[in-house]
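Structure record follows, encoded as structure tokens.
The values are calculated or read from the model by the stated rules, or taken from the named source; none is laboratory data. Quick caveat: nothing in here was measured; it's all calculated off a predicted structure. Positions of Cβ are generated from backbone atoms using ideal geometry, with glycine treated the same way; all protein chains shown enter the neighbour counts. Keep in mind that these areas ignore ligands, DNA and RNA; they rest on the heavy atoms of the full protein, side chains included. Shrake-Rupley method; radii C 1.70, N 1.55, O 1.52, S 1.80 Å.
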Amino acid sequence: MSEEVSKIVDSDGNHMVVKYANGYPFPSFEKLKDNLDEFKKWTPKPQDVFLFAYPSSGTHWLWEVTCMLIEGKAERLQLEKEHYMIENSSSKTLDSLKEPRVLNAHVYIEQVPECLLENNKIILISRNPKDTAVSWYNHNVADLETDYTGKFPAFYELFRVGNVPNGDWFNYNKTWWEWSKGRSNVLWVTYEDAKSDLKSVTKQIAKFLEIPASDELCQAIAQECTFKKMKAEKHNLLPFELRGDMSFYRKGQVGDWKNWFTVAQNEDFDQIWDEKMKDCDLPVQFTI
Ligand code: A3P
């Protein structure tokens, strides 16, 4: 039986096709709900590594860096990348992947198996939500399955209240952050830090994963994973047939939101930030 699809409609009447899992809207991957239900019951191996992030935070980029570190080579891996994204894979597929697996997802904490939260190493990524909104908008208009043709102002109205695929940025990040505090099996990385010094972030990930990576290897991985190089080589997580020409490599910049947000939207978002983040010390570079 096919899974139920729903639509989010923006203020101009344009729709986005989504599927709900645990009450959260997700892009409509085939078998999304089945895959997430199976994942919740799945048992990873202790050496498997996980990257979780709200979409458009640089997940695919840091997944690539982490895979290279685990392989010990600054070489692009010839993997079927779509299988390493949990929303897109059944537990049978996950079981078939070479270990140790580096898996990524945009799932909420309650969608993750308890044993994984306790035993596995988890890398969490955050990005300035204004840049995330712009990137996620562009991604959704390029995603064939989402079928969205709206303009940014209408998307922004939905993003600010969390009514977009993958839900509320604040809820997503705050929940993971509060859970992660003081845990030794979690590393929190920001997109902006990776952008300003990818070699240092690569070293940080190596240290966290207890991989004895040399300075030269970290440097070589950082060079292999520049935006320019990855974009030119078009290493998308998901093949065109599956999701269309989505923008995993759109602009790769910090602060592009300034080209999209109006003054009023910016003021509005700053106010939302002040309200929602007043008791939260989430490591995200918001003021850039
Ligand atoms: P933009 O749309 O702002 O360009 P995710 O993988 O979580 O969906 O994140 C996608 C975002 O990460 C996109 O942001 C994409 O361009 C950016 N990105 C991907 N590879 C990158 C790289 N090597 N360096 C910097 N940004 C990168």
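Using only alpha-carbon positions, what ratio does the radius of gyration of region 82-224 give when scaled by 2.2 N^0.38 Å? Please report the intermediate quantities before stating the final value.
Working: Rg = 17.1 Å, N = 143, 2.2 N^0.38 = 14.5 Å.
Normalised by 2.2 N^0.38 Å, the Cα Rg of region 82-224 equals 1.18.
Set the Förster distance to 22 Å, then compute FRET efficiency between ASN259 and LYS151 from the Cβ-Cβ distance, nearest 0.05. Spell out each step's value before the answer.
Working: r = 14 Å, r/R0 = 0.64.
It comes out at approximately 0.95.
Counting only protein heavy atoms and using a 1.4 Å probe, what share of the accessible area of the chain belongs to carbon plus sulfur, as a whole percent?
On the way: 6360 of 12840 Å².
Summing carbon and sulfur atoms, their accessible area is 50 percent of the total for the chain.
Rounded, prolate or oblate: which fits the chain, taking a ≥ b ≥ c as square roots of the Cα gyration tensor eigenvalues, rounded meaning a/c under 1.5, else prolate when a/b beats b/c?
It comes out rounded by the Cα gyration axes.
By how many nm would the segment from GLU3 to THR175 grow when fully extended, if each residue of separation counts as 0.36 nm and the alpha-carbon distance is taken off?
59.2 nm
Scan the chain and hand back the longest stretch that contains none of the GluC sites (Glu not before Pro) lying in DSSP loops with at most 14 other Cβ atoms within 10 Å.
81-209
Looking at region 111-163, which trypsin sites (Lys or Arg not before Pro) are DSSP coil and have at most 15 other C-beta atoms within 10 Å of their C-beta?
Values: sites: LYS121, ARG127, LYS130, LYS151, ARG160; in loops: ARG127, LYS151, ARG160.
Answer by residue number: LYS151.
Using just the helices of the chain, give the 222 nm mean residue ellipticity in deg cm²/dmol: DSSP H runs with n ≥ 4 each add -39,500 (n - 2.57), and the total is spread over all residues, rounded to 500. Could you put the intermediate results ahead of the total?
Numbers: 13 runs with 121 residues, N = 288.
Computed ellipticity for the chain at 222 nm equals -12000 deg cm²/dmol.
Take the Cα gyration tensor of region 1-134, multiply each eigenvalue by 5, square-root it, and list the three semi-axes largest first, rounded to whole angstrom.
They are 26, 19, 14 Å, listed from largest to smallest.
By the gyration tensor of its Cα atoms, with a ≥ b ≥ c the square roots of the eigenvalues, what is the shape of region 137-214: rounded for a/c under 1.5, prolate for a/b over b/c, or oblate?
prolate
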